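Step one of this worksheet: look at the structure below.
The values are calculated or read from the model by the stated rules, or taken from the named source; none is laboratory data. Keep in mind the model is a prediction, meaning the values are calculated, not measured. Note: ideal-geometry Cβ built from the backbone for every residue, glycine included; neighbour counts use all protein chains shown.
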Amino acid sequence: MPSKCCSPLYAGRKTGYRAVILGGLCALVFTSCSEVEHRPEAPRPDPILTSDTRQAIPLSASAGKEHRAVMLQHLETVQVIVNALVDEDYELAKGLTESHLGFFMHRQAMAQQQPENFPPAYHDLAMAHHEAAEALAGVMPTKDLKQILPKFNNLLKACVACHLEYKVKDRS
């Protein structure tokens, strides 16, 4: 008897699950800002022509490089978590979320960087990000995407909120 992983029926179902998960994630990302009400009489600014209004966080060149590395690691981790969800590996997704995005990562980042260089509101946004990661990790064992995806969306909203507000600027 062929194993479950080699069965054409199972392979088709797995592909279907992947499509549903990826479609759901895309829908969440694209609708996460749908609560914002746009007024028809106010023209939307062109993002290319609009000046960058994010608050600069002045860091030394080495600290800025280190901070960017942490942000890139967060992005890469989010991608691997999505892949783990596609593969229905909820244990891996939970572990990555806790160890790379949760409070453990916050403590590691603060130990390596100088917290006094960051405004208090930045710390609030960082804590919201780590809290969202912990909430996401908390629902992973349910293996229920209707519970997981909203928490994942909240994590992404926390990322976006911080990146809309702050940017790193080398102190030169």
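Could you list, in sequence order, all residues of region 48-86 that are without any contact (Cβ under 8 Å) to a residue 60 or more places away in the chain and not aliphatic (A, V, I, L, M)?
Across region 48-86, the qualifying residues are THR50, SER51, THR53, SER62, LYS65, GLU66, GLN73, GLU76, THR77, GLN79, ASN83.
For region 95-125, enumerate the residues that are at pLDDT below 85, in a helix (DSSP H, G or I) and of a type in the set (A, V, I, L, M, F, W, C).
PHE103, PHE104, MET105, ALA109, MET110, ALA111, listed by residue number.
Looking only at region 127-172, count how many residues are β-branched (Val, Ile, Thr) and over 16 Å from the mean Cα position of the chain (by Cα).
Qualifying residue count for the region: 2.
Being within 26 Å of ASP52 (Cβ to Cβ), under 14 Å from the mean Cα position of the chain (by Cα) and either in a helix (DSSP H, G or I) or modelled with pLDDT of 95 or more (or both) narrows it down to one of VAL78, VAL82, so name that one.
VAL78
So, in region 60-69, how many residues would count as being hydrophobic (A, V, I, L, M, F, W, C) and modelled with pLDDT of 85 or more?
Total satisfying the criteria: 2.
Restricting attention to region 51-65, which residues are assigned to a helix (DSSP H, G or I) and surrounded by fewer than 16 Cβ atoms within 10 Å (Cβ to Cβ)?
Answer for region 51-65, where residues must be assigned to a helix (DSSP H, G or I) and surrounded by fewer than 16 Cβ atoms within 10 Å (Cβ to Cβ): ALA61, SER62, LYS65.
Identify, please: which residue in region 132-172 is among the acidic types (Asp, Glu) and in contact (Cβ under 8 Å) with a residue 24 or more places away in the chain and is, among those, farthest from ASP87 (Cα to Cα)?
For region 132-172, the residue satisfying everything is ASP170.
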